[in-house]
Amino acid sequence: MHNVKTYDSIQAFRGLAALAVMFFHFRWLINNEFPNTGDYLFGWGAIGVDLFFIISGFVITLSAQKLDTGVSASLTFIKSRLKRIMPTYFIILLVVFILSGGMSIFHYSEKLANLVSALTFRPIYTSNAPFYINDSGVYGVRWTLNYEIYFYLVSSLCLLTKRPLLCLLSFFITALVIIPVICGQQFTLSSEGYQFNNPYLNLLTNPISWMFISGVLIAKLVPLAQRLPATLRVTYLACVTLYTVYSLFFLKQIGHGLLSSGFALILLMSGVVMNDTWLRRFTPRWLIFIGNISYSLYLIHTLMNTGLGKRLAWTGLSDGVSGFIIYSVISLILATLSYRYIETLFFSRSKKVNQNRKTDGLIADK
């Protein structure tokens, strides 16, 4: 077992990513009052997903460092990850199911297929990369969990070996480079991915997984960079921050993957991690708290778009800036309740079962 440092700045980063995704999905409310303004203000918010993937690789690596290798470590890892996400996911999925038509879904084959896919974490389309589901549907945001489960399983299997990092890198190089090339595909870094006639193979080989790998490498390499002089580290952070702003808001690189927002976000993440010691002094506690509830917020905010918002119409709730604010506030309240009474409940039970599996809000990857 190994001691693992926690990173408040990364937890705050996770909070920013969750807010970005939420604002992106609620931007239509502003558009209805001021056409295109919501897109202008929050059209970039989808990059929060890429940031989640980078953070996932980073946090999973920190979690795995607490463990030795072998069967016991592998089982401990996968059980702790699944316990952290599954109860909250299925409870919120049930709520979404009820508020979005419930049993009427079974009268529509497309909706039924979407529900089954959500229950089993299955991609169902060979197109619409990198989602491979109906990302605009009732359970649209859960496409990222298909990848997360994939990352968990691979990471768990790699812990069976003596060199888990080497095993992990070898697996993803095989999946993202060797298999596509052998199958006659043109190598790409685009999140449009490869064109296999199988949704599983398309997901397993989609280059968006490079975001996860970059997080793994940051976790391994940044501790070395933290030995650099503070002035050099701060200068690097300032430069990559300016580059990220320029890339997102001037070059409009706001899509998914390395060829879009990914490269800038990787640089920014590395700069934040290597400067965490002094950044945590300026990190607001409220943003760290949003990082804590980010998983619930990510899952639950779409309720406002897919059922709950319509049921509040009798209150006079309207579109526009006021609706945007109310939707956001309600989502934050519901996410807080979910975190305290669902996530924390199951997490506490898990800790009581085995005190050696201690994790905090950051290390428990979402």
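One residue stands out among those in region 213-227 that are out of contact with any Gly (no Cβ under 9 Å at 6 or more places or on another chain) and of a type outside the set (A, V, I, L, M, F, W, C): the one that is surrounded by the fewest Cβ atoms within 10 Å (Cβ to Cβ), which is ARG227.
Considering only residues that are touching a residue at least 24 places away in the same chain (Cβ under 8 Å) and in a helix (DSSP H, G or I), look in region 61-74 and name the one that is farthest from the chain's Cα centre (by Cα). Only one residue fits best here, namely VAL71. Identify the residue in region 332-357 that is among the β-branched types (Val, Ile, Thr) and modelled with pLDDT of 60 or more and, among all such residues, is farthest from ASN32 (Cα to Cα). Among residues in region 332-357 that are among the β-branched types (Val, Ile, Thr) and modelled with pLDDT of 60 or more, the one farthest from ASN32 (Cα to Cα) is THR344. With respect to being under 15 Å from PHE52 (Cβ atoms), surrounded by 15 or more Cβ atoms within 10 Å (Cβ to Cβ), of a type outside the set (Lys, Arg) and modelled with pLDDT of 90 or more, ILE290 fits the description.
Quick one: how many residues across region 96-129 are in a helix (DSSP H, G or I), among the β-branched types (Val, Ile, Thr) and either in contact with a helix residue (DSSP H, G or I) (Cβ under 6 Å, 6 or more places away or on another chain) or at pLDDT below 85 (or both)? Residues that pass the stated criteria total 3. All conditions in (1) modelled with pLDDT of 90 or more; (2) surrounded by fewer than 18 Cβ atoms within 10 Å (Cβ to Cβ); (3) farther than 13 Å from PHE26 by Cα hold for VAL329, with the sole exception of (3).
When you check PHE58 against the structure, is it surrounded by 22 or more Cβ atoms within 10 Å (Cβ to Cβ) and either in contact with a helix residue (DSSP H, G or I) (Cβ under 7 Å, 6 or more places away or on another chain) or over 20 Å from LYS220 (Cβ atoms) (or both), yes or no? Spelling it out, PHE58 is indeed surrounded by 22 or more Cβ atoms within 10 Å (Cβ to Cβ) and either in contact with a helix residue (DSSP H, G or I) (Cβ under 7 Å, 6 or more places away or on another chain) or over 20 Å from LYS220 (Cβ atoms) (or both).
Pull up region 31-55, narrow it to residues that are among the charged types (D, E, K, R) and surrounded by fewer than 16 Cβ atoms within 10 Å (Cβ to Cβ), then point me to the one that is nearest to TYR298 (Cα to Cα). Checked region 31-55; the qualifying residue nearest to TYR298 (Cα to Cα) is ASP39. Would you check if there is a residue in region 146-164 being in a helix (DSSP H, G or I), under 21 Å from SER80 (Cβ atoms) and β-branched (Val, Ile, Thr)? Yes, region 146-164 contains at least one residue that is in a helix (DSSP H, G or I), under 21 Å from SER80 (Cβ atoms) and β-branched (Val, Ile, Thr).
For region 1-57, a residue qualifies if it is of a type in the set (Asp, Glu), touching a residue at least 60 places away in the same chain (Cβ under 8 Å) and either outside any helix (DSSP H, G or I) or farther than 30 Å from SER74 by Cβ (or both), and exactly one does: GLU33. In region 144-169, the residues that are in contact (Cβ under 8 Å) with a residue 40 or more places away in the chain and under 16 Å from TYR200 (Cα atoms) reach residues that are of a type in the set (Phe, Trp, Tyr) and surrounded by fewer than 19 Cβ atoms within 10 Å (Cβ to Cβ) with C-beta atoms within less than 8 angstrom, at least six apart or across chains, in these pairs: LEU145/PHE121; ASN146/PHE121. Could you tell me whether TYR147 is at pLDDT below 95, surrounded by 22 or more Cβ atoms within 10 Å (Cβ to Cβ) and either under 28 Å from LEU267 (Cβ atoms) or touching a Ser or Thr at 6+ places or on another chain (Cβ under 9 Å) (or both)? Spelling it out, it is not the case that TYR147 is at pLDDT below 95, surrounded by 22 or more Cβ atoms within 10 Å (Cβ to Cβ) and either under 28 Å from LEU267 (Cβ atoms) or touching a Ser or Thr at 6+ places or on another chain (Cβ under 9 Å) (or both). Among (1) within 27 Å of LEU224 (Cα to Cα); (2) modelled with pLDDT of 90 or more, which single condition is TRP278 missing? Status for TRP278: all satisfied but (2).
The values are calculated or read from the model by the stated rules, or taken from the named source; none is laboratory data. Please read these numbers as outputs of a predicted model, since none were measured by experiment. FYI the Cβ positions are ideal-geometry reconstructions off the backbone, even for glycines, and counts take in every protein chain you see.
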